[in-house]
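Each remark here refers to the structure printed beneath this line.
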Amino acid sequence: DALAIWLQSVPIRRGLCLDCVGQRSFSLFSTHSVKDMENIFQLVRNIVPTLHTKKHKGQDGKIGVIGGCQEYTGAPYFAGISALKVGADLSHIFCTKDAASVIKSYSPELIVHPVLDSPSVLQEVEQWLPRLNTIVIGPGLGRDDKILQNAKLREQVDSNDHHGSVLRLSQAMGNLTIVQKGERDFISDGDKVLVCSHEGSSRRCGGQGDRKS
């Protein structure tokens, strides 16, 4: 779980390869001793960028969350605010117009864009993409066909071929690190695919997956 959370929530420190992170994370046992937990904390410390006074706002992570509709405003909030709480500097949420004011009322720290149901949604979102380090797609999208179509990836993920689909998706997006969450998490940087079967909490409550993303 530590790998899935931190790969998506903060920019990886330069020089830390995906293999190194994977080997350290996947060697952990399902039942953790005190020493195992110390190893997890050290893994997190290695991934989180070092803070110092020379940095500017945004250098330690700019997150984009695509999701949020009238029925589901909590999910994108949890995803966005969790990123800030674990160290990211800025968190943008791209949601529908009727969800925007509700999400803004949850926290003034979130930057909310009410564009997901706009005719110009692609242009509105694409202008922000070069400024973001990580994108989370899906929290609170709902079931509206129009909204789902607007949020759809151009390179589709085949549910029967997670390994190949995640690899191709990463390559299509310029070798970005892609994390596909599920019973097994698939992680790819376009060159290789890692599979994490490490079990997390057995609870299945609302908002749990949004916080982890």
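The values are calculated or read from the model by the stated rules, or taken from the named source; none is laboratory data. All values derive from a computational prediction rather than experimental measurement. Heads up, the Cβs are rebuilt from the backbone with ideal geometry, glycines too, and the neighbour counts pull from every protein chain shown. Surface areas here come from the heavy atoms of the whole protein model, side chains and all, with no ligands, DNA or RNA. Shrake-Rupley method; radii C 1.70, N 1.55, O 1.52, S 1.80 Å.
Which of the residues spanning the stretch 45-59 are touching a residue at least 40 places away in the same chain (Cβ under 8 Å) and outside any loop (DSSP other than H, G, I, E, B)?
Result: ILE47, single match.
As an exercise: evaluate ALA88 against (1) open to solvent by 100 Å² or more (accessible area, probe 1.4 Å); (2) closer than 23 Å to GLY140 by Cβ and give the number of the one condition it does not meet.
(1)
Under 6 Å between Cβ atoms, at least 6 apart or on separate chains: pull out the pairs that start in the stretch 116-145 with a residue that is closer than 13 Å to TYR72 by Cβ and end on any residue that is open to solvent by 80 Å² or more (accessible area, probe 1.4 Å) and of a type outside the set (Ser, Thr, Tyr).
If the second residue must be open to solvent by 80 Å² or more (accessible area, probe 1.4 Å) and of a type outside the set (Ser, Thr, Tyr), the pairs left are GLY142/GLU71.
Scan the stretch 49-83 residue by residue and report those that are touching a Gly at 6+ places or on another chain (Cβ under 9 Å), of a type in the set (A, V, I, L, M, F, W, C) and either modelled with pLDDT of 85 or more or open to solvent by less than 40 Å² (accessible area, probe 1.4 Å) (or both).
ILE63, VAL65, ILE66, CYS69, ALA75, PHE78, ALA79, ALA83
Mind checking which helices (runs of 4 or more DSSP H) fall wholly inside the stretch 79-152 and carry at least 1 residues that are within 23 Å of ASP60 (Cβ to Cβ)? Step through it out loud before you land on a result.
On the way: elements: 97-106, 121-126, 145-151.
Here the list reads 97-106, 121-126.
For the stretch 168-198: of the residues being among the basic types (Lys, Arg) and open to solvent by 70 Å² or more (accessible area, probe 1.4 Å), which is modelled with the lowest pLDDT?
Step one: of the stretch 168-198, the residues among the basic types (Lys, Arg) are 168, 181, 184, 192.
Now drop any that are not open to solvent by 70 Å² or more (accessible area, probe 1.4 Å), which leaves 168, 181, 184.
On the way: ARG168: 86, LYS181: 78, ARG184: 82.
Top of the filtered list is LYS181.
Hey, can you tell me all the residues within the stretch 92-148 that are surrounded by 13 or more Cβ atoms within 10 Å (Cβ to Cβ) and among the acidic types (Asp, Glu)?
If the condition is that a residue be surrounded by 13 or more Cβ atoms within 10 Å (Cβ to Cβ) and among the acidic types (Asp, Glu), then ASP98, ASP117, GLU124, ASP144 are the ones that fit.
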